[in-house]
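Below is one structure; the comments refer to it alone.
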Amino acid sequence: MDSQCAGRLDLIVEKYRGARGAAIPLLADVQREVGCVSREALEYVGRRLSIPPAELFGVATFYAMFRFKPQGKYLVRLCRGTACHVQGSAGLLQRVERELGISDGETTPDLLFTLQCVACLGCCSLAPVMMVNGDVHGRLTPDAAVKVLNGLREAN
């Protein structure tokens, strides 16, 4: 762990020193600061607060809000609900996976995109739907989805 990251974690450690039952907000602060709840961060924080890293890991694995790998700048959520499925979301997913070189739940090596399949985005009338950081893209074709992704790439 680099010294800059350690310094940021030390500030969090001081905030929670002596606090009991603060694992969830502690982990949330670590994730917000570092981008994820990595094994390295859990061990670092656990040592400094005399909390077994396994205990922190147990809490982090229980709650879906915690990530163990960094998330990309763009969180690409593909709807796999019934309406989207009927309108071709499987083909959309295949094309996006091929374009990004990753599968559901993975992040591109450059940390630009994270792909996440979801049960429903609640935009059934726009099926098939993809959401990128809260922006909804509906009635997509595989080519249109790639165009959205390429536009985001070009913006960086």
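Whether any residue in the stretch 75-82 is assigned to a helix (DSSP H, G or I), at pLDDT 95 or above and polar (S, T, N, Q) is what I want to check.
Going through the stretch 75-82, the residues assigned to a helix (DSSP H, G or I) turn out to be 82.
This time we only want the ones that are at pLDDT 95 or above, so: 82.
From the residues that got through so far, the ones that are polar (S, T, N, Q) too are 82.
Checked the stretch 75-82: at least one residue is assigned to a helix (DSSP H, G or I), at pLDDT 95 or above and polar (S, T, N, Q).
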*asked:* I'd like the full set of residues that are in a helix (DSSP H, G or I) and either of a type in the set (A, V, I, L, M) or surrounded by 14 or more Cβ atoms within 10 Å (Cβ to Cβ) (or both), limited to the stretch 92-116.
replied: 92, 93, 95, 96, 97, 99, 100
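Would you pick out the residues in the stretch 17-45 that are outside any loop (DSSP other than H, G, I, E, B), of a type outside the set (A, V, I, L, M) and buried (at least 18 other Cβ atoms within 10 Å of the Cβ)?
Here is the first cut: in the stretch 17-45, the ones outside any loop (DSSP other than H, G, I, E, B) are 23-34, 39-45.
Applying the additional criterion that residues be of a type outside the set (A, V, I, L, M) yields 25, 29, 31-33, 39-40, 43-44.
Scanning the stretch 17-45 gives 29, 31, 44.
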*So residue 74, is it surrounded by 17 or more Cβ atoms within 10 Å (Cβ to Cβ), under 30 Å from residue 140 (Cβ atoms) and in contact with a Leu (Cβ under 8 Å, 6 or more places away or on another chain)*: yes
*asked:* Can you tell me which residue is nearest to the chain's Cα centre (by Cα) among those in the stretch 58-68 that are loosely packed, with under 14 Cβ neighbours inside 10 Å and outside any helix (DSSP H, G or I)?
replied: 65
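The values are calculated or read from the model by the stated rules, or taken from the named source; none is laboratory data. Quick caveat: nothing in here was measured; it's all calculated off a predicted structure. Positions of Cβ are generated from backbone atoms using ideal geometry, with glycine treated the same way; all protein chains shown enter the neighbour counts.
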